[in-house]
Amino acid sequence: MTNATAKRKNGNKLLKPAKVAWFRSQLVAWADTHLRDFPWRRTRDPYHLFVAECLLQKTDATTVAPIYETFLTRYPTLETLAAANVEEVARLLQPLGLFFRAERLCKSARIILNSDRGTIPNSEKGLLQLPGIGKYSARAILANAFSQPAAVLDTNVARILERFFGVKGGRVKSRCPVLWEAADTVARDRDTDKWNLTLLDLGALICTARNPRCAQCPLQEQCQSADFLSFC
DNA sequence: CTCCCGTTAC
DNA sequence: GTAACGGGAG
């Protein structure tokens, strides 16, 4: 049993089980008709998802979509990326900014090819060895490419958990144990990939950082932070 | 805690 | 016009 699974089973003192159950069922229903469609959501290819997660870091999904297609056309395999000219990769990433990612992508490709597996690692530990892959990206790849029950915590998920459950994370959400634990607690053991996408999309479409659309939110009824003024 | 950096919301 | 946005690494 993994740590995360053990924690889920024992429950989280901060989160009431009944409220967690309601949270899940509301979101599962919402996901049926509201999940967004992106090219990287139509594949389970570990390399494709590795590229996608790198490009999606601190970058809006709608901005990434066209570049992602071009990237995979130009560098269709780990081998081609490992052999790529970093400057050229950086040029391709131009509309996204954060050019240091070009170097990290190429370097990761070389590390992966020199590893025992020779393919994208299928463990959190293995993925974390790669430059540019932190806990969020590692778990996203585990869930999406390898169907593992790996919950993610990004600023969207953190915001939803903080608002709905009233838990308080620190400044740096990505390294906040309370929020990671909450993310693990609310996650489902099955279809964790879809669950992760559900939270990301609720954060992107409804529970936005500014001007959240509380009136359209499936969680409004039990949300600690629901903006009741939005009814008026 | 700071830097990275283009895009989008305001 | 400016500020907000968003993961990882040093």
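Against the conditions (1) in contact (Cβ under 8 Å) with a residue 60 or more places away in the chain; (2) buried (at least 22 other Cβ atoms within 10 Å of the Cβ), A:Trp180 satisfies every one except (1). When A:Leu15 is tested against (1) touching a helix residue (DSSP H, G or I) at 6+ places or on another chain (Cβ under 8 Å); (2) modelled with pLDDT of 95 or more; (3) within 21 Å of A:Asn156 (Cα to Cα); (4) more than 16 Å from DNA strand C (Cβ to nearest atom), only condition (2) is not met.
With respect to (1) under 13 Å from the mean Cα position of the chain (by Cα); (2) surrounded by fewer than 20 Cβ atoms within 10 Å (Cβ to Cβ), the lone exception for A:Ala187 is condition (2).
Residues of segment A:212-230 include none that is closer than 30 Å to A:Leu105 by Cα and either within 16 Å of DNA strand B (Cβ to nearest atom) or touching a residue at least 12 places away in the same chain (Cβ under 8 Å) (or both).
Using the structure shown, decide if A:Val152 is within 14 Å of DNA strand C (Cβ to nearest atom), hydrophobic (A, V, I, L, M, F, W, C) and in contact with a Phe, Trp or Tyr (Cβ under 7 Å, 6 or more places away or on another chain). Yes. Here is a list of conditions, (1) farther than 22 Å from A:Gly118 by Cα; (2) surrounded by 13 or more Cβ atoms within 10 Å (Cβ to Cβ); (3) not aromatic (Phe, Trp, Tyr), and A:Pro66 meets all of them except one; can you say which number that is? Answer for A:Pro66: the failing condition is (2).
For A:Val186, state whether it is touching a Lys or Arg at 6+ places or on another chain (Cβ under 9 Å) and away from DNA strand C (no atom under 14 Å from the Cβ).
Working: touching a Lys or Arg at 6+ places or on another chain (Cβ under 9 Å): yes; away from DNA strand C (no atom under 14 Å from the Cβ): yes.
Here the answer is yes, as A:Val186 does meet what is asked.
Do we find that A:Val186 is aliphatic (A, V, I, L, M) and more than 30 Å from A:Thr43 (Cβ to Cβ) in this structure? When the stated conditions are applied, A:Val186 does not pass them.
The values are calculated or read from the model by the stated rules, or taken from the named source; none is laboratory data. In this text the structure is predicted, and so the values were computed from the model without any measurement. Please note: Cβ atoms are built from the backbone with ideal geometry, for glycine as well, and neighbour counts cover all protein chains shown.
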